[in-house]
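Here is the structure we will look at.
The values are calculated or read from the model by the stated rules, or taken from the named source; none is laboratory data. Everything numeric in this text was worked out from a predicted model, so none of it was measured. Neighbour counts are summed over all protein chains in view; Cβ atoms, including those assigned to glycine, are modelled from backbone coordinates with ideal geometry. Side chains included, ligands, DNA and RNA excluded: accessible areas come from the protein's heavy atoms. Shrake-Rupley method; radii C 1.70, N 1.55, O 1.52, S 1.80 Å.
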Amino acid sequence: MSDEILQKLRSLSQYRFALQQQIEQQGDPSQSSPCIEYSALVEELSVAEEELQQQFETLKASQVQLSQERQRYQDLFEFAPDGYLVTRADGVIQEANRAAAQQFGVPQPFLIGKPLSVFVAFDQRSAFRTTLTRALQTTDTQSWEIQLQPRDRPAFDAALTTRVVRDPEDNAIALRWSIRDITERKRAEMQIHLLNAGLVQRTLMERTSRLITENVRASLDEHQIFQTALQELAIALDLLGCDVGLYNLQTKTSTIQYSHTTDGFASLSKPGTVAMSDFQEGYAQLLQGQSFQFCEATPNSPRGQVSILACPIADHEDVLGDIWCFSPPDRALELYQVDLVQQVANQCAIALRQARLHAKAQAHIAQLDQLNRLKNDFISTLSHELRTPLTNIKMALHLLKVAKTDEQRDRCLSILEAECTRETNLVNDLLDLQQLEADNYPTFLSESINLQELLSIIIAPWHPRMEKQRQVLTLDLPDQLPLIVSDRATLRRLLLELIQNAHKHTPEGGEISLTVRHDPRTSYITFTVQNQAEIPAAELPHIFEKFYRAQKAGSWDVSGTGLGLALVKELVKQLQGDIQVASESGWTTFIVHLPDRLAQQGF
């Protein structure tokens, strides 16, 4: 426009100059009417020329100022820290500053003519186009966040701000874009979010830990302790399931006794015993009190692929067991979650010790009550058993004094002898039992024993007693038995006690048998004593207890102190053997296994 004004100004000056020349050629302008008019016109042209000159100078100064402003805004556009773009309405880039070129990793010239959408992350392009279409339909500034994908560089989070440029007919002709890299802000927001989430989770974990601790310590029931702990852990940590295995350190095994699983994962764990050698590396860490996580991907495993946290249940004394927590294979537990499991495991260890101590104390109390009852029963029985022979002796002495015939005197002496023997045997049984339990029972040098000879000596005195009760006693021996090396007195006492017990508890007319067998393969001599009587099932576990006598039940309602079988058990132990008992179908069987330390002669 300034060039056009300048051209007009030059034309006007030339015209004014030509007109002035013409007036000067015509003579005195005051003597001619046309000259006067020309002079006036020249003056008007001079004024107009001067005004145009002033307008030109003003316009020229405005152009300089506008150029400076344009350059300033161009510099602001070019060197702005954020990316700036100008695109057509369809999103094709027309202008781009340096920051935009750096953000996209493409030189500025190569950005021109490229669709902006090609720099949007592929999975967000559809949403970008939808938002762009919506922006073209409004006059407001639009802002949103999106992920941009530069060339040969990682994607970054960006905040986009755009405004539509419209022509006088209100048609969208261009878009101005501001692009700000907000990756660091997003990272900071994520850290703050994670920190807040961590605080929330830690608060939840602490609350869960307190809840589990209160519930666990409030119970002395082992089952309730672990079921409560496992259920709360599964809920708090969103687990697929968890279980508890308790250790037997002597056998190096772990027995899964308690478990809790969510719906659809009932086969995560099954009760059973696992040998520690099957997972030697893992149990080595657990036995040292160390937790660890691993992913199980065993082919054909009923659990499938799961992530597992194994945490020991340990206290200051020992490792008692472990807790296994099962999660999906792509989700390992966080450190604060592992801390929660460890805290729960520690509380379970304390509660388990308390529960076991309580159970042991209760069992001890029950045992003391039982012993107290047995003691009272024993004292009552012993008083009766001691008084009965003394009463009979006193009566026999009185009769002896008044006896008038030798027959009467002999009968009284026979009673005195029998009752004295009875009293002596009772006292000897008590003393022998006390000595056996205190390991003070007298032992004799082992000697070679011929079992056929020993058994003949033992059985012979019993035949008259058996006949008196119409009982049948049979002895079953192989044709040849090896000589054995043992304590003759202890073995004789053992067999006598078993035969006496069978005789006492076999009804009149019943059968009793003693069978001896030797098996070189097992290196044991077996003595089997059977009698035709049956012990009630409820009584069978207690028959070897001291002072125990079976309750009144048929043929077992007999007198005695209840020391015979207790002595048998201790005598078998003295001979380094073992004893078993069974009672069914009207028969009771005692089986004694003794080591066959054979004599050198002939074997």
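For the list (1) among the acidic types (Asp, Glu); (2) more than 20 Å from residue 260 (Cβ to Cβ); (3) in contact with a Gly (Cβ under 7 Å, 6 or more places away or on another chain), I need the number of the one condition that residue 317 fails.
Here residue 317 clears every test but (3).
Anything in the stretch 378-389 that is under 60 Å from the mean Cα position of the chain (by Cα) and surrounded by 15 or more Cβ atoms within 10 Å (Cβ to Cβ)? List them, or say none.
378, 381, 382 - these are the residues of the stretch 378-389 that are under 60 Å from the mean Cα position of the chain (by Cα) and surrounded by 15 or more Cβ atoms within 10 Å (Cβ to Cβ).
Can you find a residue in the stretch 209-221 that is modelled with pLDDT of 80 or more, among the basic types (Lys, Arg) and surrounded by fewer than 16 Cβ atoms within 10 Å (Cβ to Cβ)?
No, the stretch 209-221 contains no residue that is modelled with pLDDT of 80 or more, among the basic types (Lys, Arg) and surrounded by fewer than 16 Cβ atoms within 10 Å (Cβ to Cβ).
Can you name the residue in the stretch 465-512 that is assigned to a helix (DSSP H, G or I), open to solvent by less than 40 Å² (accessible area, probe 1.4 Å) and among the polar types (S, T, N, Q) and, of all such residues, is nearest to residue 418 (Cα to Cα)?
501
For the list (1) among the aliphatic types (A, V, I, L, M); (2) touching a helix residue (DSSP H, G or I) at 6+ places or on another chain (Cβ under 7 Å); (3) modelled with pLDDT of 90 or more; (4) under 13 Å from residue 345 (Cα atoms), I need the number of the one condition that residue 246 fails.
Failed condition: (2).
Only one of 372, 392 is open to solvent by less than 50 Å² (accessible area, probe 1.4 Å) and either on the phi > 0 side of the Ramachandran plot or at pLDDT 80 or above (or both); which?
Details: 372 fails: open to solvent by less than 50 Å² (accessible area, probe 1.4 Å).
Just one listed residue meets the conditions, 392.
Only one of these is in a helix (DSSP H, G or I), at pLDDT 80 or above and surrounded by 15 or more Cβ atoms within 10 Å (Cβ to Cβ): 227, 231. Name it.
On the way: 231 fails: surrounded by 15 or more Cβ atoms within 10 Å (Cβ to Cβ).
After applying the criteria, what remains is 227.
Just to be sure, is residue 517 in contact with a Ser or Thr (Cβ under 8 Å, 6 or more places away or on another chain) and open to solvent by 80 Å² or more (accessible area, probe 1.4 Å)?
Here the answer is yes, as residue 517 does meet what is asked.
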